[in-house]
Amino acid sequence: MAAFVVSPLKMGPLLVLWLAGCLSGTWAVDRGNFKTCDQSAFCKRQRALKPGQSPYRALLETLELTNTKLTLQLINDNNKVRLLLELYRLQGNMTRVKINELKPLKPRFEVPDVLINDPPTEPLSLLSRDENGVVLSLGADSQRLIVSAKPFRLDIMEGREVLLSLNSRGLLAFEHLRIRKDTQASQQFEIAKEDEKVEDGMWEETFKSHTDSKPNGPSSISLDFSLPGVENVYGIPEHADSLKLKATDGGDPYRLFNLDVFQYEVFNPMALYGAIPVMLSHSAQRTMGIFWLNAAETWVDISSNTGSSETPQTDVRWISESGIIDVFIMLGPTPTDVFSQYASLTGTQAFPPLSALAYHQCRWNYNDQEDVAAVDQGFDDHDIPYDFIWLDIEHTDGKRYFTWDPHKFPQPKDMLQGLLDKRRKMVTIVDPHIKVDSSYKIHNEIRSKGFYVKSKDGGDYEGWCWPGNSGYPDFTNPEMRAWWASMFAYDQYEGSMENMYTWNDMNEPSVFNGPEVTMHKDALHGNWENRDLHNLYGLYVQRATAEGLIERSGGVERPFVLARAFFAGSQRYGAVWTGDNAAEWEHLKISIPMCLSLGLVGVSFCGADVGGFFKSPSTELLVRWYQTGAYQPFFRAHAHLDTPRREPWLFGPENTALIREAVRQRYALLPYWYQLFYHAHHSGQPVMRPLWVEYPQDTATFSMDDQFLLGRDLLVHPVTEEGARGVTAYLPGKGEVWFDVHTFQKHNGAQNLYIPVTISSIPVFQRGGSIISRKARVRRSSSCMEHDPYTLFVALSPKRFAQGELYIDDGHTFNFDKQKQFIHRRFSFANNALSSRNLAPGSQFTTFSWVEKIVILGASKPSKATLKTPDGKESQLEFEFDASMSVLTLRKPGVNAGLDWTVVLQ
Amino acid sequence: MDFNLAGVHWLSDLLLCTQPLPVPTIPTERQFYEENKPFTCLDGSSTIPFDRVNDDYCDCRDGSDEPGTAACPNGSFHCTNAGFRPTFIPSSRINDGICDCCDTTDEYNSGATCQNTCREMGRKERESLQIMAEITKEGFLLKQQLIHEAKRGQEDKQGKLTELQGSKKGLEEKVEALRTVKETAEDPEKEAKERHLKAWEEQKELIRMEKDKTRMAEAFLELDDDADGYVSVAELQSHLELDPDSDGSLSETETQGLLGGADKVDTSTFETVWSGIKDKYLSEVSQGQSEPPAPVETPQEEESRDFVSDHDSDHYPEDYAGEEDVEDDEEDDHEEEEEEEEKVPPTVQTPEKREDDEVSMPPYDTETQSLIDAAQKARDDFDEAERALREVDDQMKNLEKEIGFDFGPSAEFAYLYSQCYELSTSEYIYRLCPFNRVSQKPKFGGSETNLGLWGQWAGPEDNLYSVMKYDHGQGCWQGPNRSTTVKLTCGKETVVTSTSEPSRCEYLMEFTTPAVCQEPASLDEVLHGHTEL
């Protein structure tokens, strides 16, 4: 689910009138519902400023240097307002730049709860100082930070090279808080004095029929960054756009403002459901990141001199409506470094239960318990595995979350038990809008505890959403979150069981009758306006829910929560999806750059609705979407209420077989997915990666977003063209080889490879030099495969070398973390010997799984294969050798997957 | 050998991989699994030592070497299910912790605790088969009756049709005859009426002229202020309504022009002047008491609005009014309004009520009246005959339609024709009128929604008459038109047993009727067929 407009029959008549106006019957987004920069007063004001001499000057005499930071005052020579600059050198090669008003009229919002801790600092040292500025050492690598006084500017240098400059274009602009001037006369006077104009939209702004009262007046901030030598920037999701960000000159900037956009269009910079203000820059020399920690509405302008003869340079400008400037400059220099640096700030991907990486079957809506049982049985009848079946909003009693429709779902526990008996699970939706209804317990408690967001007049804020008139709990309040979490206890959420997990939709939040379909900016979260923290709301919703799922199990079980809106740090709480897409080929294609962009900024657990949410896919599109989704992190089919049913077996036996095969490939590869997610959780490395992340010097990969890597070792080029007869995949890596995972055919790296395809083709290649574990015995759910044996696929590099890993734990608890109960093995093939050794000596876990088969690609025929175990025993393994493909298959080593062993080929 | 290996610690079992598992108990295949002899895969692809049969490693491409383990992705496992029905399950369900075979044989090593439920299931199945068999038996008897009735009904209808064909011919002749009578009577009627009308017109003209003259005389007197027997320029000049160029003033020259160039005219010359000004001329008397005439159209308009709303409810049948989607309603309403605007007849001219016409036409003279009466009678007779013919035609059409319907191989479904069957759920009353339509009506207010009109029989090739399809129902918001699939099963009674909406706007109805009951095999046979073992 679910866009803000659907079949109006589920809404009250009042809404319908309003909807009738909104729905002019077209499928495209109604752009008129959402602001352009020109319609957003602060963006318009800020964008009107052109590059030039900055009015800001550093007052060097105010400089103070302590162990942890440097502080310095800046003055705007036009209005004499002073700012306070704080500079930090952070551990792990990062620099933090904070700018706030020296003496704001009232405190300005600083984003809480996103950083996992107060980032540890390293000392800065003063290298030189004169009346023009100061030079500071950033520690290693001869990195220096130059503070220029007039005009104020910062340059980060390495050797003689400028890595990045701040305010080099003079676009630092900090609207200080001021007292509203009520009379015309005093305004005139002030203008003369401060040289400041009072413009429209500073103290009040109207968009469509909505007026935003702005009691605090103008408060926006802006800063520019120049990146010499950089031609490629990425990130700042969520946008339905290419992986490589485009220059925004002549158009609107990329917008970051969490919105429920009905029927979004692809390839434009409009804001979508989530916002992560992190941009990565990349060149063949270096990868860096800029993390703009601000949760207000934000616009990002990008311009680039690409094409001119000068040294390439990309200029970026960030504009936010309120808060302070708080920027983390992640200096890389490698992509891996940037991922680690960002992870050290905001944390890593939550490690999902293994089953959450399997296949999810969703639809708005599975109608009743019988329907759920029939779909569940359908999967068994057609021998297609699945782990989760989902219930959208219709399962509730009148859109009252935490309840069940008494007619359609009279016995939820029986239903859940039925799924549990098949070792399967369910997700029910719990949205953050609460029906205003005095007979609804959840509403009454929130109201009586004063937990609702307040309107500017102080009463409970109310808006329209699925249930009709709704309140919005203030998730920014820790007490509210604790109470919300407690509602997931088994005795609170009636009918819930341990195999039931949660979906938070509409958490932008979506307000059908609000400005831009979201909350009024002057609504109040405690002392702060929604304006200050809008983009953070969705994160808090998902966080409170995830904490609820953890608590209900006494802290034992890993939660699984899917959310639509997100912010920096959301990766810690679960999965996200790309919202209400459509059954169109373009939407299938855009799912790749959308999830790649999220992966670059920490959110690995990403997926798009398989099949497309709106409209009905052709059978070919549906099959291709399954094939693509099977190789994307979050793999869930979903469909709009008004579309025809599309369970995998409804399109004839051939298509059922194609979908079955795609899903089975997913299940066989679950050990690899699980290992990648362990890594994402452990070190912040993305699961789904653009090619340039692994081939940072290969310029051919820089704007590639029709193919991707899973980890380092699998390259996927999904077929996303209608009627395709072939695709051209780029296999990177000079001197490397890649093996087709289906045919075992070997291909050289650093080439464009044309691959003829049929409807059954999913072009996937394993990198020569890697070892990937699969489970070949695909069963009806991932839980059923827990104890099954592994098959190792060893793809040899041209130097006859390969390496891989295997991670095993119980699949669902925190014991891997709290009690080090896991197995982490390193497989290495070198000198004709394949061995397994322990990567985590401090850990402990027992698995029943064993190694049933080893397939070595690019091998030559041995005379014998000897298995050696630590007890000194040796045994001969039988093998088969396929000379035409150079594939050696070792039969049944039979060793337990948790043990040390070696196979020697002679 | 025994399937039940409970008690063997299966971790060590798997690690050692030496415990041979039993060969399948499929009677026809058992012969291929001969202990201690090399095993050849059933597809012949390779031969392996017998200790690799069921050794938890897949050697055969067809999976035949692992009939008792989950090792082969394409393998299958045979559950004997003594007491119930033997069956195959995919190998992937062996030892997956879920009890699939009722005899528990699929979970011999997973730790799952399964109960042998075969006997219980067998018993239940036998019971339900028995019940089904009884129903089928009775249903089939009923079906014979239905076939018999349908045959008789069909004959009746055929007979009726023949009968109607006969009477139709007579009626056609009668209509033609009466048409001639009518036409013969209408000619003299028309002439007489025209004559009468012409005389009346002439008389009216006379009256009009008389009136005009009177008006002229009155006007002359009115204008001739000084009563000198002449109307002068000055006297006429006060009548601004006569201003030829409508500039608001009547100049002397203009007035002279009105008077034919003269300064004043006498009564007789005024006759010519009068004909030029009489249309504009306003009597000074009526000008003085100028009470604007009440706009006759106002009540008229209201009347036409009333007409619209009547028309609204009359014209739009339940199909429209019953639109479930509020959105659609909105649109429909809008459309209706537009349509209404078109459909409202242009404001009818106010029936003429001007003074001249107050005198009504005198009644026809007796001669004309008797001609009219004669013609009217001929018309009435003709109309009646024609109506009778139409009725016969309609009846014939309905009969032909009914006779033409595909009521099944033996017309066993004919009894459903023009019947309706209802099912009440918590929210709606569903109504199936076979061979006509399916509809849904909210229980608590709201109008009916058309879920589809009779389309065709839509069962599979070998059982065409097991499914009915109704389509082209009311449209869905951004979706298809509603349609309903009706699944027919054998039952003693004719009842709608369930309805659902598996996919939006695609309804499914289950319907029992004796008409689909097949000739039952003898009960013994049925039971025997399922109790082998």
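The values are calculated or read from the model by the stated rules, or taken from the named source; none is laboratory data. Because the structure is a prediction, the values reported are computed rather than measured. No Cβ is skipped: glycine too gets one built from the backbone with ideal geometry, and neighbour counts run over all protein chains shown.
Before moving on, here are some points about what is shown:
- Entry remark, the stretch A:789-834: residues being of a type in the set (S, T, Y) and within 14 Å of chain B (Cβ to nearest Cβ) number 2 in total.
- Selected residue (criterion: nearest to B:G475 (Cα to Cα)) from residues of the stretch B:498-516 that are out of contact with any Gly (no Cβ under 8 Å at 6 or more places or on another chain) and not hydrophobic (A, V, I, L, M, F, W, C): B:E506
- B:G139 vs. criteria farther than 25 Å from A:D383 by Cα, out of contact with any Ser or Thr (no Cβ under 9 Å at 6 or more places or on another chain), surrounded by 17 or more Cβ atoms within 10 Å (Cβ to Cβ) and more than 14 Å from chain A (Cβ to nearest Cβ): no
- Scan of the stretch A:845-862 for residues that are out of contact with any helix residue (DSSP H, G or I) (no Cβ under 8 Å at 6 or more places or on another chain), touching a residue at least 60 places away in the same chain (Cβ under 8 Å) and closer than 30 Å to A:G811 by Cα, ordered by number: A:T847, A:S849, A:V851, A:E852, A:K853, A:I854, A:V855, A:I856, A:L857
- Conditions (1) more than 12 Å from every other protein chain (Cβ to nearest Cβ); (2) at negative phi; number of the one not met by B:G75: (1)
- Residue pairs whose Cβ atoms lie under 7 Å apart, sitting 6 or more positions apart in sequence or on different chains, and linking a residue in the stretch A:767-788 that is within 11 Å of chain B (Cβ to nearest Cβ) and without any contact (Cβ under 8 Å) to a residue 24 or more places away in the chain to a partner that is surrounded by 24 or more Cβ atoms within 10 Å (Cβ to Cβ) and not in a loop (DSSP other than H, G, I, E, B), are A:R777/A:M785; A:R777/B:S92.
- Selection count where residues are touching a strand residue (DSSP E or B) at 6+ places or on another chain (Cβ under 9 Å), of a type in the set (G, A, S) and more than 30 Å from A:Q803 (Cβ to Cβ), scope the stretch A:714-737: 1
- Verdict on B:G529 being within 14 Å of chain A (Cβ to nearest Cβ) and modelled with pLDDT under 95: no
- Of all the residues in the stretch B:472-491, those that are out of contact with any strand residue (DSSP E or B) (no Cβ under 8 Å at 6 or more places or on another chain) and either farther than 17 Å from A:R646 by Cβ or away from every other protein chain (no Cβ under 14 Å) (or both) number 1.
- Neighbours by Cβ (under 9 Å, 6+ apart or cross-chain): first from the stretch A:515-542, at positive phi; second hydroxyl-bearing (S, T, Y): A:V517/A:S510; A:G526/A:T476
- Among (1) β-branched (V, I, T); (2) buried (at least 17 other Cβ atoms within 10 Å of the Cβ); (3) within 28 Å of B:L129 (Cα to Cα), the one test that B:V495 misses: (2)
- Cβ pairs under 6 Å, 6+ apart, first in the stretch B:493-516 and away from chain A (no Cβ under 14 Å), second acidic (D, E) and not in a strand (DSSP E or B): B:A515/B:E412
- Exactly one residue out of A:K422, A:K413, A:K435 is touching a residue at least 60 places away in the same chain (Cβ under 8 Å) and in contact with a helix residue (DSSP H, G or I) (Cβ under 7 Å, 6 or more places away or on another chain), and it is A:K422.
- Residues that are outside any loop (DSSP other than H, G, I, E, B) and surrounded by 18 or more Cβ atoms within 10 Å (Cβ to Cβ), drawn from the stretch B:212-236: B:M216, B:A219, B:F220, B:L223, B:Y230, B:V231, B:S232, B:V233, B:E235, B:L236
- Per the listing B:D187, B:D156, B:D226, B:D212, the residue uniquely without any contact (Cβ under 8 Å) to a residue 24 or more places away in the chain and under 30 Å from B:V265 (Cβ atoms) is B:D226.
- Against the test of being basic (K, R) and more than 25 Å from A:H176 (Cα to Cα), the options A:R89, A:R96, A:R82 yield a single qualifying residue, A:R89.
- Candidate set: the stretch A:863-900, residues that are away from chain B (no Cβ under 12 Å), within 14 Å of A:S835 (Cα to Cα) and in contact (Cβ under 8 Å) with a residue 40 or more places away in the chain; chosen: the one surrounded by the most Cβ atoms within 10 Å (Cβ to Cβ): A:A865
- Of the strands (runs of 3 or more DSSP E) that lie entirely inside the stretch A:196-253, those containing 3 or more residues that are under 30 Å from A:D155 (Cα atoms) and in contact (Cβ under 8 Å) with a residue 24 or more places away in the chain span A:221-228, A:232-235.
- Taking the stretch A:120-138 as the range and being modelled with pLDDT of 95 or more and under 19 Å from A:P333 (Cα atoms) as the test, only A:T121 passes.
- Test: residue in the stretch A:885-900 that is outside any loop (DSSP other than H, G, I, E, B), among the hydroxyl-bearing types (S, T, Y) and under 19 Å from A:S773 (Cβ atoms): yes
- In the set A:T346, A:T334, A:T311, only one residue is within 30 Å of A:V97 (Cα to Cα), buried (at least 19 other Cβ atoms within 10 Å of the Cβ) and more than 14 Å from chain B (Cβ to nearest Cβ); that residue is A:T346.
- Taken over the stretch A:353-370, the criterion of being buried (at least 18 other Cβ atoms within 10 Å of the Cβ), free of Cβ contacts under 8 Å to residues at least 60 places away in the same chain and either in a helix (DSSP H, G or I) or more than 11 Å from chain B (Cβ to nearest Cβ) (or both) is satisfied by A:Q369 alone.
- Tally of residues being within 30 Å of A:E786 (Cβ to Cβ) and within 14 Å of chain B (Cβ to nearest Cβ) across the stretch A:400-424: 9
- Flag for A:D141 being modelled with pLDDT under 95, in contact with an Asp or Glu (Cβ under 7 Å, 6 or more places away or on another chain), assigned to a loop (DSSP other than H, G, I, E, B) and not polar (S, T, N, Q): yes
- Of all residue pairs spaced 6 or more apart or on separate chains, none has beta-carbon atoms under 7 Å together with a first member in the stretch A:88-111 that is in contact (Cβ under 8 Å) with a residue 24 or more places away in the chain and a second member that is among the aromatic types (F, W, Y) and in a loop (DSSP other than H, G, I, E, B).
- Which listed residue is crowded, with 24+ Cβ neighbours inside 10 Å, in a loop (DSSP other than H, G, I, E, B), among the hydrophobic types (A, V, I, L, M, F, W, C) and within 14 Å of another protein chain (Cβ to nearest Cβ), from B:C114, B:C99, B:C58: B:C58
- On inspection, A:R481 fails the criterion of being more than 30 Å from the chain's Cα centre (by Cα) and either in contact (Cβ under 8 Å) with a residue 12 or more places away in the chain or surrounded by 20 or more Cβ atoms within 10 Å (Cβ to Cβ) (or both).
- Among the strands (runs of 3 or more DSSP E) confined to the stretch A:424-495, the ones with at least 1 residues that are among the acidic types (D, E) are located at A:462-465.
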